[in-house]
1. Among the candidates A:Gly97, A:Gly50, which residue alone is closer than 23 Å to C:Pro93 by Cβ and either touching a residue at least 12 places away in the same chain (Cβ under 8 Å) or within 17 Å of the chain's Cα centre (by Cα) (or both)?
2. From the list C:Met73, C:Met69, pick out the single residue that is within 29 Å of A:Glu46 (Cβ to Cβ) and touching a helix residue (DSSP H, G or I) at 6+ places or on another chain (Cβ under 8 Å).
3. State whether one or more residues within the stretch A:34-41 are of a type in the set (A, V, I, L, M), surrounded by fewer than 24 Cβ atoms within 10 Å (Cβ to Cβ) and away from every other protein chain (no Cβ under 12 Å).
4. Which of the numbered conditions does A:Val182 fail, given that it passes all the others? Conditions: (1) crowded, with 20+ Cβ neighbours inside 10 Å; (2) over 27 Å from C:Ala77 (Cβ atoms); (3) facing chain C (nearest Cβ under 10 Å).
5. Does any residue in the stretch C:225-239 that is in a helix (DSSP H, G or I) come within less than 6 Å, Cβ to Cβ, of a residue that is at pLDDT 95 or above and not hydrophobic (A, V, I, L, M, F, W, C) six or more places away or on a different chain, and which pairs are these?
6. Search the stretch A:204-232 for residues being surrounded by fewer than 16 Cβ atoms within 10 Å (Cβ to Cβ), among the hydrophobic types (A, V, I, L, M, F, W, C) and at pLDDT 95 or above, and hand back the single one that is nearest to the chain's Cα centre (by Cα).
7. With respect to A:Gln121, is the statement that it is of a type outside the set (Ser, Thr, Tyr), in a loop (DSSP other than H, G, I, E, B), modelled with pLDDT of 95 or more and in the same structural domain as A:Lys238 (by TED's automatic domain parsing) true?
8. When you go through (1) facing chain A (nearest Cβ under 10 Å); (2) in a helix (DSSP H, G or I); (3) touching a Leu at 6+ places or on another chain (Cβ under 7 Å) one by one for B:Glu90, which number turns out not to apply?
Amino acid sequence: MSELKLMKGNEALAEAAIRAGADAYFGYPITPQSEVIEYLMAQRPEKRTGMVVLQAESEVAAINMVYGAASTGKRVMTSSSSPGISLKLEGISYLAGAELPAVIVNVVRGGPGLGTIQPSQADYFQSVKGGGHGDYKLYVLAPASVQEMSDFVEDAFDIAFKYRAPVLILSDGLIGQMMEKVNLKDQKPRMKDEELIKRYNHWAVTGKKGRERNIITSLDLQSEKMEARVRRLMKKYKQMEEEDLRFEKINCDDAEYLIVAYGSSARIAQKAVELARDKGIKVGLLRPITLFPYPKQQLFELADQVKGILSVELNAGQMVEDVKLAVQHKVPVEHFGRTGGIIHTPEEILEALEQKIIKNGSIRHHKTRESSIL
Amino acid sequence: MENLNNNTMTEEIIIAGFGGQGVLSMGKILAYSGIMQDQEVSWMPSYGPEMRGGTANVTVIISDDRISSPYLKVYDTAIILNQQSMDKFEETVKPGGILIYDPNGITHHPTRTDIKIYQIEGNKLANEMGNRKISNMVILGGYLKVKPIMKLDNVIEGLKKSLPERYQHLIPLNKDAITTGMNNVTLFKVSEKAPLS
Amino acid sequence: MEVLDIIKPENQVFCKTKLMTDTALSYCPGCGHGTAHNLTMEVIEEMGIVEDTIGVAPVGCSVLAYDFMNIDMTQAAHGRAPAVATAIARTWPQKYVFTYQGDGDLAAIGTAETIHACNRGENIVIIFVNNGIYGMTGGQMAPTTLEGMKSSTSPYGRVVETMGSPIKMTELVANLPGVYYATRQAVHTHKHVRKAKKAIRKAFENIKLRKGLSFIEIVSNCNSGWKMTPNDANNWMEENMFAYFPLGDIKVNGKLKQ
């Protein structure tokens, strides 16, 4: 039986990790995500499921602990917030290079530097454009509710093991700190060691028994081998784009204008859509649920239908670049967002839409008509 | 949302005061009560250093529909527990909305005439009941009287859910506090001279 | 008598452990790494624990340890081997987990991971090869480079006032309650090899006892980095390295030696 609870996003995520049958969590406290490790410690998961929870000496140690457990085929997770994720990037690059499954959670706060502890989406570039060194990508899930903070944990593990690749859950202080009703899934048993060895015997380091030795490494000093590794990674990412893209369209059917927003911004933008429709403006919302893969084709097609697109993000303009790439200059694309931990209000978003896009859009519409007359 | 569908209810509330006045827990009880009557809820706190001794506020939304933004600029109801919050949030009540406040410590009373304003002596009544900590429940009672969005039974169930095990014995006291609040909330007329507090 | 008549199992007095692969070692002739690898693999074979052993390779000269050690291995980011080993040992408590690290990896970039794994008393073995220099990257100063010793980043010799003193990691971690066994060994003579092997065996036996962490430092040479012949390097090591890093047990069965 599933269970209905009022929980913070961070707590729901932690509870979901236990219920998803995670084997281990390694983390280091940082606001606004410390509730994850606090909740896990309070839950005594070692007694509930045998899950290992350890407070590491640093984010660097934590991500390398994740690397260690992942190299043995265990389901392992870590979480942090922006400055901590910067520290983890080396380890994340290694996870990608060594082709290891792991779940990393970023409850984003404002930056750069020590920044602010208030919500932000300023880690979009870091999340989808590599972040760490080398040719790699992360499968990035962006939850927009406490329910999704819970649901995406198991989804993330599934994807991580499907592709043997690290998966990022990109949340933020708003989703992490807010409480909502959440339907918790049933407890799944942790995989037994014998089962794990049977299933991942072809790659995991569990002790050399009845087979040649397994080696986990991201090092290939022979360039041809390294290129082959990179190609293998690119093939995975292509498959992710073909099979595991996720997005949500809200009020898009009759939309004349489009807002693109993910995570907390998508929630606020949805209210802006409601306010706009109250005023008789037909606005739709495209919410990318995965930020990589990105709904490029959907945006390309919607650009034929709408007069302009506003990318709403809690940052100085990051995802807007991907929106522009997808739209390929078919219609004007603008960015709106607050930074420094300030959360934009639905009213602000509507105002930005009216000033940056609708005004713009009508001008363009006009021009088109004129040119058609000519 | 209300405008989209008149048959469904959405109540957008800001609760604001000092840290330690039970602002966040009042919001939590409201949210849990909403769950008890099968509604969608969200509870979005201010967090960080400002919580430590400074001002605390929480946005609570209770709705029959999926909730869009958990973060708002304007509210149906503002529940105000100190002067800083009055200064900040009086203006954010939608025209026709409700502002309910504890006059304890308030030096500048609200002045808006396009909203309904209520007073509830949470602090004073709680002291009279012998437990200063239940002032937030008195205020919650006052709110539920003027905006009966949920049944008292559901609130008590919500209370049970949100109180840790060691405080469960305080449920009857909390129930009394809510009732006291319900019986003592008064309409405040802006034209009246502000009562001394 | 033909050679092939002599090469028969009954005449065999020594053979290479099966846990060393046939891949030619990438180490410079005279380097101690090969011997340290070999001893570790011999111990694992003799204890019959290969099926339950997971090794963690570092960054440095022994980054390719997994090419030579015929066991399951994970290669860690620079300095993070103790964190990697921590997680493996925690999620597989019945396994024998060890790290194999050099001085740059363990005593510079990975100091925090080393200290905290030791302090938590992780049930692992750390094998720490200290040759007082960064060999892999071409002879730069290590945290264990001796005072006055020349390297490519201390071309006029290590100056303590500006570069600090060489760090004695084994003495340092021996003071942490989580460390059950701390010893300093060498592998340049038969005598030292036998002693070092005993120490490695004791460390792996300690995993079985679940008493905490065993820390084995092996003071070694780096003839390339030191720019000496192998013989001269060994002599220099005995005279200078052993004087600052004295060999012997520092902590045994959880008790510091006086």
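The values are calculated or read from the model by the stated rules, or taken from the named source; none is laboratory data. The structure presented is a predicted model; accordingly, all values stated were derived computationally and were not measured. Glycine also receives a Cβ, built like all others from the backbone with ideal geometry; neighbour counts cover every protein chain displayed.
1. Unique residue meeting the criteria: A:Gly50.
2. Working: C:Met69 fails: within 29 Å of A:Glu46 (Cβ to Cβ).
Step by step, each of C:Met73, C:Met69 is checked, and only C:Met73 is within 29 Å of A:Glu46 (Cβ to Cβ) and touching a helix residue (DSSP H, G or I) at 6+ places or on another chain (Cβ under 8 Å).
3. Yes: the stretch A:34-41 contains one or more residues that are of a type in the set (A, V, I, L, M), surrounded by fewer than 24 Cβ atoms within 10 Å (Cβ to Cβ) and away from every other protein chain (no Cβ under 12 Å).
4. Of everything listed in (1) crowded, with 20+ Cβ neighbours inside 10 Å; (2) over 27 Å from C:Ala77 (Cβ atoms); (3) facing chain C (nearest Cβ under 10 Å), A:Val182 misses just condition (3).
5. Pairs found: C:Ala233/C:Asn221; C:Asn234/C:His188; C:Asn234/C:Asn221; C:Met237/C:Asn221.
6. Residue satisfying both the conditions and the ranking: A:Val230.
7. On the way: of a type outside the set (Ser, Thr, Tyr): yes; in a loop (DSSP other than H, G, I, E, B): yes; modelled with pLDDT of 95 or more: yes; in the same structural domain as A:Lys238 (by TED's automatic domain parsing): yes.
It is true that A:Gln121 is of a type outside the set (Ser, Thr, Tyr), in a loop (DSSP other than H, G, I, E, B), modelled with pLDDT of 95 or more and in the same structural domain as A:Lys238 (by TED's automatic domain parsing).
8. (1)
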